Structure formats: C-alpha cells, structure tokens
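Have a look at the structure below before the remarks.
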Amino acid sequence: MRLFSDVSSSIADPYLRHAYKLALRGEGATAPNPMVGCVVLKDSRIVGEGWHERAGGPHAEVMALSQAGSETSGSTVYVTLEPCAHHGRTPPCTEALIAAGVDRVVVGMRDPSEVGGGGGVRLSAAGVDVSFSDDHETFEELNRGWLSLVRDGRPWVTAKVASSLDGALAARTGVRTRISGPGSQPVTMRLRAAADAIVVGSSTALIDDPSLTVRSDEGVDAARQPLRVVLARTTDPGTASLFSDDRAPALMLVPRGSTLSSAIGDEVDVLEYPAEGTLESALSALGARGIARILIEPGRELFTALWNEDLIDELVVIHAGAVVGVGSVGMYAGTGTDETGELRPRMKAVEAAVVGDDAVTVWRRMR
C-alpha cells in the first residue's frame, strides 16, 4: 500500500482509474480474495459500478451488472482484475458478463492464479472483445497481499518500527519506551486498518502490553478489527491483555509440539507451525488461514529474524527527533555489511512525509 501517494493517478484510462478507486473500498475485508473494482459504461455514461466488499460476498462485476440492470447489453465493462472463470463461493463472473450481453471488457491485470485465471479466454470465446492494460504493475500494487499468497504461499509483510535519530527502539532491554509522537498515530492506525492480521513477538506483548486495535482519533475502536497474533517460541505471553480484552480476535502462533504449545490453556486460540520450520513457515501458517496482508510491529529480536530471512516486503519507519544514547536497544542485532565492510542495501525508499513532529519513510524490498 502507499501511505502518502495516489498510485491510481498514473492510470491513463479514466474508467479503469475509477474502478481502481472503487476496489480500494474493500481494503482489509476481502482476504483471501483480491480487491476488485468494476465500472459498466453505456453510451459514454457510467450505468453501474461495484467492488468486492468482503470475502464470500458478491464480486465486483456482479455488483456493477446488477446496478446497471437492463443497460448491460452492448456495454463496456472496466474491471481491475481479469474476471474469474471458476465456481468458488460464487458463480463465475465470466458467465455473468456473457449473460448480461456486454460487448467489451477492459482489464487492469491478468489473474495469475491457477484457479481463477483464464477468464479473458472464456470471454473471447463467447464473442466478447477483451483487452488488457499495459500498466499491470499499478494494478498489482492494489493486491500485493493476495499476489503474495498466490505466488509465495505467505502473506505480504509490512513491518512498522518507531526509531530515534540514533536508531533506538527502546531505552534499554525490558523497558517500554514511547519513541514516536501522537502526530504519527494515524499512520499506525492506517497500517493496521489495511492489514488482515497484526503480529508482535512475545517480548513486545509482555513488555508493551499493546492493544493492537484500530482506533479513531478519539480512541474509539473501529467496527472491523484485524486478527491479533503473538509469535511465541519459548516465552508464554498468555498474560498479555489482548488475550482477554475481547476487543478483537487474538491467537498465539507457536511451534507444533513444543512445550509452550502443550502448556497453553483452552482459553487462548493457538495456531501451530512446523517446529523445525523457519519464521517463513510461521508466516505461511497464517497464509494457509487466508491471511493475505500482515502488519508486524517488531522489537529488535523479531526485526532481526525477519531481516535475516529476507521476509520484509515493506518497511515503514517512524523517525522521532530525539536520541536515546548509551544502553539503548537498536533496531538490528546482526551484521549489515559484507566481509569488506561494505553495506548491502536490500531496500529502496518509495515514500517519505512529515507527520506531526515525526518523519515517516516507506521502504520496499529491491527486486
């Protein structure tokens, strides 16, 4: 996702651009399905529009065709993702488009999944004129999480950290330290709202005891809350408030068959991953539950593990205008240089902004 820029502004076709903005209305609610927007055009007028609101609900094409009613015959349909050609929770969108008598379908990007792909071929075989946008990367931006599930079998990982000017996450080990100012709180809430799950390590859960909820500026919990996940290997974080506050669903992610796994009471929802597995296998266990986008708010130990396994797809750093000094807990506990002492850049900056008294930078993994 982009925090400070409108990616859709680069879409040349105004109706595809509008479909893109419609798709964004489903952000945070469609997993394991993609976000999709659709516009029906007849005689240069928009006669129907729709978006995929939630998993299990009507697809964007069906919603738009329903709104267009009798005016679908001879219309042009603009949709951000290639219409599906398979029976899932709902019938194929290709059949709905064919039955509606549309003349043309303009598509933002092809569906790369084995299950849903091939809708363009089916439409063409039925006599519908199908064309695809040349700018598929813009439409991929819309569904980074879903594409990560399809291609890698794990969620898209956004990590968010608050850091002092000298790179500290906390004043010292085991002490909760508020680094960022209140002006950057909307950034955290925006990231949480877009995620299917929010993940922290057991140390963060116990030391900071965070709520990990999405809240308004007035502190009121949002109606829709992501799943809250605590990643634990040896330390039991079961006393953290998030497991008993009923503000949002929560689970503990633990190695299968571990002592910790057997010691957890029935009152805590537990998800296991292979005991011999890496951190990636733990994230894949979340992906198997249909979780497409996760926000990790890591301490140094978890951030180091994520970096070492190259699992951070996107990194958001909130920079506070203060220094912590001697004894502080830095962001990374490993070695970031090669044998010659040269840095090994892995991420590139894609956005930056001033929020309140803090600065925010957004980084993406180099491909």
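The values are calculated or read from the model by the stated rules, or taken from the named source; none is laboratory data. Note that the structure is predicted; figures quoted are calculated from it, not measured. Cβ atoms come from the backbone with ideal geometry, glycine included; neighbour counts cover every protein chain shown. Ligands, DNA and RNA are excluded from the accessible area calculation, which covers all protein heavy atoms including side chains. Shrake-Rupley method; radii C 1.70, N 1.55, O 1.52, S 1.80 Å.
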> When you go through 111, 209, 166 one by one, which is the residue that is farther than 26 Å from residue 282 by Cβ and open to solvent by 50 Å² or more (accessible area, probe 1.4 Å)?
Replying inline: 166
> Out of all the residues in region 237-293, which are without any contact (Cβ under 8 Å) to a residue 24 or more places away in the chain, part of a loop (DSSP other than H, G, I, E, B) and more than 18 Å from the chain's Cα centre (by Cα)?
Replying inline: 244, 246, 256, 257, 266, 269, 274, 275, 276, 277
> Of all residues in region 71-100, which are within 20 Å of residue 20 (Cα to Cα) and among the hydrophobic types (A, V, I, L, M, F, W, C)?
Replying inline: 77, 79, 81, 84, 93, 97
> Which one is modelled with the highest pLDDT among residues in region 261-277 that are aliphatic (A, V, I, L, M), under 11 Å from residue 238 (Cβ atoms) and touching a helix residue (DSSP H, G or I) at 6+ places or on another chain (Cβ under 9 Å)?
Replying inline: 270
> Within region 320-352, how many residues turn out to be within 25 Å of residue 144 (Cα to Cα) and in contact with a Leu (Cβ under 7 Å, 6 or more places away or on another chain)?
Replying inline: 2
> Taking region 85-95 on its own, how many of its residues are open to solvent by 30 Å² or more (accessible area, probe 1.4 Å), at pLDDT 85 or above and either of a type in the set (Gly, Ala, Ser) or in a loop (DSSP other than H, G, I, E, B) (or both)?
Replying inline: 1
> Taking the stated definitions as given, is residue 133 surrounded by 16 or more Cβ atoms within 10 Å (Cβ to Cβ), closer than 16 Å to residue 361 by Cα and among the hydroxyl-bearing types (Ser, Thr, Tyr)?
Replying inline: no
> Looking at region 225-251, which of the residues that are in contact with a helix residue (DSSP H, G or I) (Cβ under 8 Å, 6 or more places away or on another chain), of a type outside the set (A, V, I, L, M, F, W, C) and over 14 Å from residue 291 (Cβ atoms) is surrounded by the most Cβ atoms within 10 Å (Cβ to Cβ)?
Replying inline: 237
> Among the strands (runs of 3 or more DSSP E) contained in region 310-367, which hold 2 or more residues that are free of Cβ contacts under 8 Å to residues at least 60 places away in the same chain and open to solvent by less than 50 Å² (accessible area, probe 1.4 Å)?
Replying inline: 358-365
>> So for region 192-200 (the condition being modelled with pLDDT of 95 or more, surrounded by fewer than 22 Cβ atoms within 10 Å (Cβ to Cβ) and within 21 Å of residue 286 (Cα to Cα)), does at least one residue qualify?
In response: yes
> Tell me, which residue of region 47-73 that is open to solvent by less than 30 Å² (accessible area, probe 1.4 Å) and farther than 13 Å from residue 35 by Cα is nearest to the chain's Cα centre (by Cα)?
Replying inline: 64
